[in-house]
1. Quick check, is Thr23 in a helix (DSSP H, G or I), touching a residue at least 60 places away in the same chain (Cβ under 8 Å), of a type in the set (Ser, Thr, Tyr) and closer than 26 Å to Glu154 by Cβ?
2. Step by step: first the residues of the stretch 26-56, then only those that are among the polar types (S, T, N, Q) and either free of Cβ contacts under 8 Å to residues at least 60 places away in the same chain or closer than 19 Å to Leu82 by Cβ (or both), then the one that is surrounded by the fewest Cβ atoms within 10 Å (Cβ to Cβ). Which residue is that?
3. Whether any residue in the stretch 16-26 is under 18 Å from Gln119 (Cβ atoms), among the hydrophobic types (A, V, I, L, M, F, W, C) and in contact with a strand residue (DSSP E or B) (Cβ under 6 Å, 6 or more places away or on another chain) is what I want to check.
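Each value in this text was obtained by applying a stated rule to the coordinates, not by laboratory testing. Quick caveat, the model's predicted, so the values are computed rather than measured. We place every Cβ from the backbone using ideal geometry, glycine too, and count neighbours over all the protein chains shown.
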Amino acid sequence: MKKLPILSMSITLAVNIVADRITKFAAVEYLRGRNPISFLGDLVVIGYAENSGAFLSMGSTWPSPIKYLVLLILPIIVCLTLLAYCLFKERDLFKIILMTSFVAGGLSNLIDRLINDFQVVDFLNFGIGQLRTGVLNVADLSITFAAVLYIIYELRTHRRPVARQD
């Protein structure tokens, strides 16, 4: 195991989790109980929300045992498995950083679930007119951007030259 991947993973985890925790703290302090704030003609709306489920509140009404399994235990297993893979198998530093960003977002939301009785603080909404995202947070952005960049990187890295037809 080399030092650079461990250092990169540590920094990536710390930056993503700290950014998410600080912004969630700010959302609780400055947005809870207040009207949403709109920027750039409603392109960005910042307003406090809590989500007791996962993406778009999926699972918020599930019974507690199912919620614990699907929204807490399984994601913890996935996060730990990805971290172990990054530490022991993956050699591409860019992939390690992307996977660690993905994990950091997941872990930060898991922290909310653990300390807030499954309530995850959300406060960001993006869109144009009626076409809008769900309400999300910085951890969700870490997960989304890491996943999208990983897919793009994989597609570009494994693109095979097209055989010419003469």
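1. No: the conditions fail for Thr23.
2. Asn35
3. The answer is no; no qualifying residue exists.
Quick grid of which residues meet (1) touching a Phe, Trp or Tyr at 6+ places or on another chain (Cβ under 8 Å); (2) free of Cβ contacts under 8 Å to residues at least 12 places away in the same chain; (3) exposed (fewer than 11 other Cβ atoms within 10 Å of the Cβ):
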residue: Phe94; (1), (2), (3): yes, no, no
residue: Ile97; (1), (2), (3): no, no, no
residue: Ser101; (1), (2), (3): yes, no, no
residue: Asn125; (1), (2), (3): no, no, no
residue: Val135; (1), (2), (3): yes, no, no
residue: Val148; (1), (2), (3): no, yes, no
